[in-house]
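Everything below concerns the one structure shown next.
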Protein chains: 2
Amino acid sequence: MMDLNFLHPYFLGPKAENLDCFERFLLEFLRDHAYWRRNFHPGDGNVVPTSAPYRDAFQDFIASMRKELQELSAELKNAAPFYSPRYIGHMNSDLLMPGLLAEIMTMLYNPNNVAAEAGPATVPRELEVGWQLARMFGYNTDPQKGSVVAWGHLTSGGTIANYEGLWNFREVKFYPIALATAARVTGIDFESVGPLRRRLSEYSSWELVNFSIQDTVKLLEESSKQVNAMALSDGELQRFRNQIDRETLVGLGHADFFAKHREIRPPKVVVPITAHYSWDKAVKVLGLGLNNLVLVKTDKTMRMRMDHLQELLAGFEKDRVPVLAVVGVLGSTEFSSIDPIDQIIDLRDEAMDRGTYFGVHIDAAWGGYMCSLFRREETNQFCQREEVGEDLKHFPSEDTYEAFKAVGESDSITVDPHKLGFLPYPCGAFVARNMDVVDFISQKASYLYDIKDDRGTKNRYDKLLNLGQFIMEGSKPGAAAAAAYVSHRVIPLNKHHFGRIVKVTIKSCEYFYSKINHLAYRMKKRVLIKIPFFPQTNIICFAINPKNNRHLALMNFFGRKVFEKIKINRFKPLQMKEFIGSYTSMVKGKIDDELASEVLADLDIDPQTFQTDVIDPRRQADHIFLFRHSLMSPWLLHRFEGKNYIDHYVAYLERMIHEELDALGESS
Amino acid sequence: MMDLNFLHPYFLGPKAENLDCFERFLLEFLRDHAYWRRNFHPGDGNVVPTSAPYRDAFQDFIASMRKELQELSAELKNAAPFYSPRYIGHMNSDLLMPGLLAEIMTMLYNPNNVAAEAGPATVPRELEVGWQLARMFGYNTDPQKGSVVAWGHLTSGGTIANYEGLWNFREVKFYPIALATAARVTGIDFESVGPLRRRLSEYSSWELVNFSIQDTVKLLEESSKQVNAMALSDGELQRFRNQIDRETLVGLGHADFFAKHREIRPPKVVVPITAHYSWDKAVKVLGLGLNNLVLVKTDKTMRMRMDHLQELLAGFEKDRVPVLAVVGVLGSTEFSSIDPIDQIIDLRDEAMDRGTYFGVHIDAAWGGYMCSLFRREETNQFCQREEVGEDLKHFPSEDTYEAFKAVGESDSITVDPHKLGFLPYPCGAFVARNMDVVDFISQKASYLYDIKDDRGTKNRYDKLLNLGQFIMEGSKPGAAAAAAYVSHRVIPLNKHHFGRIVKVTIKSCEYFYSKINHLAYRMKKRVLIKIPFFPQTNIICFAINPKNNRHLALMNFFGRKVFEKIKINRFKPLQMKEFIGSYTSMVKGKIDDELASEVLADLDIDPQTFQTDVIDPRRQADHIFLFRHSLMSPWLLHRFEGKNYIDHYVAYLERMIHEELDALGESS
């Protein structure tokens, strides 16, 4: 059994066991803040007179505020007990005390992280959070150790971070062609640039859209140097710079850019079928088009299938269709599956050898913090597999281990501190391997072709303090940055600290897996209970099919009936719930047919009853209903009455299944 | 003098005068939350044993948490006193107590407003906040009172809300052409649809991209009905629906859509030169292209010039270039100027009569809450101009009044509750006049061509509870929704409540204006002090030019020297600051030359010294440096030592100008 004592001071606790401590801190920093106010020009005197609270109007306002707050409190209490180990539904849990306290404290000061002027204490902390995360992922953050240095910043959530991934890739990918066009128009050329050390004008369009990110960054640097050496007149320089701005994809827009460069097809974005729906939104919002989102099939563990990816990429290469990004998912939100990042990286590097390039973005919104489990404390070295797997039965599988090991080779990463980072909303993050990419995002990349403003002298860090210039959002909470910063400082992102929390969630999942298998065995005479995908980390799904039923619609119906018991219902007292879960659906048309047939066969369901057509009145059959549990609560292995929370849940589930089977028998 | 007593219970106060009250509420709701935890399965017992706090490891953790929190607190205290009436810089201030308390309370419960399942109590409140704002703007929110019903939701900030404005317009604008194409391909046609009640196939592409939003909504409804009446086979229906999805702009992406429809040019987005830089980002991110962002000149009050707008629109109409949006700014972030919304609406309606259409979006990130000053309590009626102007000298001018009156005629609005709503970050909002637009944003608009899923029976409200389906973001803080909801409930958005706070800010600005003019008079022998743009609401700018100086570079240098005194400097004790301000720059090339010359002439600066070329070493001369003060603090008119905060500031400024003039005299 794992020692869970280390968790004791981290959270408020399911019974608010640490209320005393939390309250003390909260009061300390509230008063600290209040007395700070009094110490700025103490002589100014009170604006609210000490007699104010005794006036009727004042009291009326306070009374109405109390009424509204009490009503809010009442509704919140009837909602969902996310903090509780009896909540095993969505990716939501209790929050880390240091993060929550830092968030509340900072909110009193009200900083805005759009720029350091509005968030003098919190913008630097936001950049530091970016580096904390980057180190956990294995990106270089030390300019002494390599010319490629990472950076990261917070977003309102993983969705925006995913948009930023594509946005960054896009501006970089189509820059060489814009530069080459502007150079041609203005009669300028560049010697010995790009991966082939040729004149820029000698590259074909296809070659130009296949420069790697690092090559494009270098191109900007080298061409800027060459321009400076040309000693152009101010007018010539200005003309050249304006021309670049006009020729970029962001200048022209997609329509005019691709109309101008007919030899170049609009790019594809490649994601696994497990990808979050924010990827659909991303290609729509960015104007890339949903038809250009390409879905890769998954194997039986819901990992991206490399043979399919390879086939797709080969096709695009043959047809000369640029690929903007291949997105690997590190911890899918429905199954917590881990895509083979290492093999995606290999494909990228092999493609590069053949002169084609795509960016690799990792959607680690859920799984990002799991990387902490793989890092040693002092050195930040990547751990041996055995070290990681201590106390665990299956994790990490060879595949999973190799995937995590390769994370630092990717180009950018989405991670949600407000998910497995146990921090308050909103706290997403975008982390990029190469900080130089911001030059293509900010105002005008052409600005760098300016002898008095070259990057050598300009302090990059000072520039990043104007955060709003380099990100999709504008005004944003300094409080979120403070929360993440403090949390990462007191629970560092390595296996000895944060990694232990992650390990508990994975251990809970392994335990859950074995208990569900026991349950399946115990109940095999009445129902088939199957875990269709071996859980690779800390989310598990299963299906329940009454014995001898071969119709998907009935299985779904039955599943939903049982699920009713563990479903949030804000019109009934919360206290009636024993446990709260969540579900997922595998939708026909999205899931691979072959895979679906295997899953259904395993459940003894006739695959013919899986109906693709949503017009069909038997709607319940266009998807496969699955129970889904995020085992995020750190307390699931805590024992009381001789059993832990998972044991209690499985016993409860067993009773509920029997109950519904009995009801089904009676009604039929 | 205005009675400021009503403000007393709203804020914590510059001397934390309401600490007692705030602390009592905070403790009440923290404990309420804690004891709630104990009342969910009380029998489960403690997870953190009562002995835990006495263990060394526990204490070590608490000690390290205290250290980090104290360091954070120390840095925050050296940052910026946004709460103080001595802070007259950016749009940042103290927060309303009800909002702050609701935010903190809700954060303890950790709801996620991506969907009602993750935020059962807070998603309904978020929708209600949308309607609260919609009513303040004059949009209809009552299905009984009209078929066009508004909706709104929160965003991480105004930047995202601006993106959403364009995203919504885009999906609607290009839908008719997608439908017509799909209909043609599948051999279907629609009778008597669209504004001209013709067959759909009889409309030209130009006509189809100029359907109004309302016409397109109706087209979707009517064509859906006609399809249902056709009694197509399941296969035919499926084929038709798939075809629509393939033909939409979001399906094809901009490049393929406009390559396919060569007769249609990519659309323009029209904004005033005062527009926030998020509009640049918006057209870049969305793939529309910066070259398609069209800037309208402003007049001497920084309001959009209607003659210029008209000229631009006429040109586009003549050349058959679609216009996606005309954006009016209600309270520019630099000058708080109010664009003539009424005249923009008139132009839209006139264009509609001629068969062309553009959406009108209002960027009211800053000025949105000013609408509360124009609404009566019981009836929500728009007030008479005299009623609004009570206690004020200039506001609202005839122009301003008409602009506000027309807000409800726009198509969508951006507003930032975390700005003039005095609420914590992040809290932006997007509000749309016509809720039906979400059909074009959600999964697949084609889904509506389904006899079993028509909109008549589907409850729109239930649908919107799955918020993440209809907005750009995903996971998002329920706490922000709770904060806005409670704040709007206890300080309703009308002239008797919230409007009074707004009025104080405007009154402060009028007072400031007259005091700066007095100062200019007093100092006229040594400097010229000019307010280049008459402040229409609550932000004011001025420039200071030493007497007899004709060079812009020197004026800018001098201004910056004085500004040093009121600039945030986190490396010096905050207590050394008397006041804190902000500045803005009017950049050559962005500001209209004619207007710039007028401003400069007024300051006795030779317009020739305003250098456009950023390559010029005299960099300080490519912009006009202006002091800028957001008069957002509600306490500026509070008097102590016989003067109010503005008097104290102006006196301080006078001393500082003399000091710098003396230094300048010595050094030259």
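The values are calculated or read from the model by the stated rules, or taken from the named source; none is laboratory data. No experiment lies behind these values; they were computed from the predicted model shown. Counting neighbours? That spans all protein chains shown, and the Cβs are built from the backbone with ideal geometry, glycine included. The accessibility values were calculated without ligands, DNA or RNA, using every heavy atom of the protein model including side chains. Shrake-Rupley method; radii C 1.70, N 1.55, O 1.52, S 1.80 Å.
For B:Lys318, the aspartates and glutamates whose Cα falls under 18 Å of its own Cα, not counting residues fewer than eight places away in the same chain, are B:Glu207, B:Glu263, B:Asp307, B:Asp349, B:Glu350, B:Asp353. With a threshold of 32 Å on the Cα-Cα distance, the over-threshold entries among B:Lys218/B:Lys268; B:Lys218/B:Lys495; B:Lys145/B:Lys260; B:Lys300/B:Lys577; A:Lys476/A:Lys588 are B:Lys218/B:Lys495; B:Lys145/B:Lys260; B:Lys300/B:Lys577; A:Lys476/A:Lys588.
Students often forget the sequence filter, so: which aspartates and glutamates lie under 16 Å Cα-Cα from A:Lys547 once same-chain residues fewer than 8 apart are removed? Straight-distance partners of A:Lys547: A:Asp602, A:Asp604, A:Asp606, A:Glu654, A:Glu659, A:Glu660, A:Asp662, A:Glu666.
In this Cβ point-charge picture (+1 for Lys and Arg, -1 for Asp and Glu), chain B has a dipole of about 1100 debye about its Cα centre.
Computed packing ranks the peptides B:583-594, B:23-34 as B:23-34, B:583-594, most packed first, by mean other Cβ atoms within 10 Å. The figure for B:Asp94 is an accessible area of roughly 10 square angstrom, using a 1.4 Å probe on the protein chains alone. Counted as membrane-span-like here are DSSP H helices of chain B whose alpha-carbon atoms extend 15 Å or more along the helix's own axis and whose Kyte-Doolittle mean is 0.0 or above; these are B:97-109, B:175-186, B:478-490, B:552-564.
In this structure, the amide hydrogen of A:Phe190, modeled 1.01 Å from its nitrogen in the peptide plane, lies closer than 5 angstrom to those of A:Leu200, A:Ser201, counting only residues at least 5 positions away or on a different chain. Once backbone amide H atoms are built at 1.01 Å from N, A:Asn113 has A:Lys476, A:Gly478 as its partners under 5 Å, excluding neighbours fewer than 5 places away on the same chain. With label points set 7 Å from Cα along Cα→Cβ, the inter-copy distances at B:Arg354 are 5.4 nm, sorted shortest first. Restricting the calculation to Cα atoms, the range B:1-81 yields a radius of gyration followed by a Dmax of 19.6, 61 Å. Relative contact order for the range A:500-667: 28 percent, from Cα pairs under 8 Å spaced at least 6 residues apart, divided by residue count.
Think of chain B as having a plus end and a minus end, set by charges on the Cβ of Lys, Arg, Asp and Glu; of B:Pro98, B:Gln238, B:Val47, B:Val47 sits farthest toward the positive end of this dipole. Between the alpha-carbon centres of the range B:1-60 and the range B:483-531 there is a gap of 35 Å.
Note on A:Lys281: aspartates and glutamates with a C-alpha under 13 Å away, same-chain residues under 8 apart excluded, are A:Glu164, B:Glu164, B:Glu171, B:Glu473.
For B:Val294, the amide hydrogen comes within under 5 Å of the amide hydrogens of B:Val269, B:Val270, B:Val271, counting only partners 5 or more places away or on other chains and with H modelled in the peptide plane.
Over 13 Å apart: what share of the alpha carbon pairs of the range B:175-247 falls there, rounded to a whole percent? Beyond 13 Å sits 62 percent of the P(r) for the range B:175-247. Here chain A is treated as a sphere whose radius is the Kirkwood value from Cα pairs; by Stokes-Einstein at 10 °C and 1.306 mPa s it diffuses with a coefficient of 58 µm²/s. Inter-copy label distances at B:Gln608, using a point 7 Å along Cα-to-Cβ, come to 9.3 nm with the shortest given first.
Rolling a 1.4 Å probe across all protein chains gives A:Phe534 an accessible area of roughly 80 Å². The spacing between the range A:173-241 and the range B:70-107, judged by their C-alpha centroids, is 47 Å. Candidates A:Phe512, A:Thr584, A:Gln611 compared by Cα position along the dipole of the range A:500-667: farthest toward the positive end lies A:Phe512, with charges placed on Cβ.
Of all DSSP bridge pairs formed entirely within chain B, close to 65 percent run antiparallel.
Ellipsoid fit via the Cα gyration tensor, the protein assembly as shown: semi-axes of 47, 38, 33 Å, each the root of five times an eigenvalue, largest first. Measuring heavy-atom accessible area with a 1.4 angstrom probe and counting protein chains only, the residues of the range A:264-295 that give up at least 10 Å² relative to the chain alone are A:Arg265, A:Pro266, A:Tyr277, A:Lys281, A:Lys284, A:Val285, A:Leu286, A:Gly287, A:Gly289, A:Leu290, A:Asn291, A:Asn292. In terms of distances greater than 20 angstrom between alpha carbons, the cross-link table entries B:Lys419/B:Lys572; A:Lys67/B:Lys15; B:Lys297/B:Lys590 yield B:Lys419/B:Lys572; A:Lys67/B:Lys15.
A simple packing score, the average count of other Cβ atoms within 10 Å per residue, orders the peptides A:54-62, B:485-493 as B:485-493, A:54-62, with the highest score first.
So what is log10(I(q)/I(0)) for the range B:1-159 at q = 0.10, 0.11, 0.17 1/Å, when the Debye sum runs over its Cα atoms only? With no solvent term, the Cα-only Debye profile gives -0.65, -0.78, -1.37. Applying 1/(1 + (r/R0)^6) with R0 = 45 Å to the Cβ-Cβ distance of A:Glu202 and A:Asn459 gives a FRET efficiency near 0.80.
Per residue, the average separation of C-alpha pairs within less than 8 Å and at least 6 apart gives chain B a relative contact order of 19 percent. Taking all protein chains together, B:Trp206, B:Trp167 sort by accessible area into B:Trp206, B:Trp167, largest first [probe 1.4 Å]. For A:Asp60 and A:Glu378, the difference between the fully extended length at 0.36 nm per residue and the C-alpha to C-alpha distance is 108.7 nm.
Only Lys, Arg, Asp and Glu carry charge here, each on its Cβ (+1 for the first two, -1 for the last two); on that basis the protein assembly as shown has a dipole of about 1160 debye about its Cα centre. Starting from the label point of B:Gln575 at 7 Å along Cα→Cβ, the same points in the other copies fall at 5.2 nm, in ascending order.
Of interest is the spacing of the C-alpha centroids, which for the range B:354-419 and the range B:272-337 amounts to 19 Å. Here the average projected area of the convex hull drawn through the C-alpha atoms of the range B:505-667 stands at 10.6 nm².
About its Cα centre, the range B:175-247 has a charge dipole of approximately 40 debye under the convention of +1 per Lys or Arg Cβ and -1 per Asp or Glu Cβ, with nothing else charged. Ordering A:Val321, A:Phe534, A:Ile62 by the projection of their Cα atoms onto the charge dipole of chain A, which places +1 on the Cβ of Lys and Arg and -1 on the Cβ of Asp and Glu, puts A:Ile62 at the extreme positive end.
For the chain pair A and B, buried accessible area totals roughly 15400 Å², probe 1.4 Å, rounded to the nearest 100.
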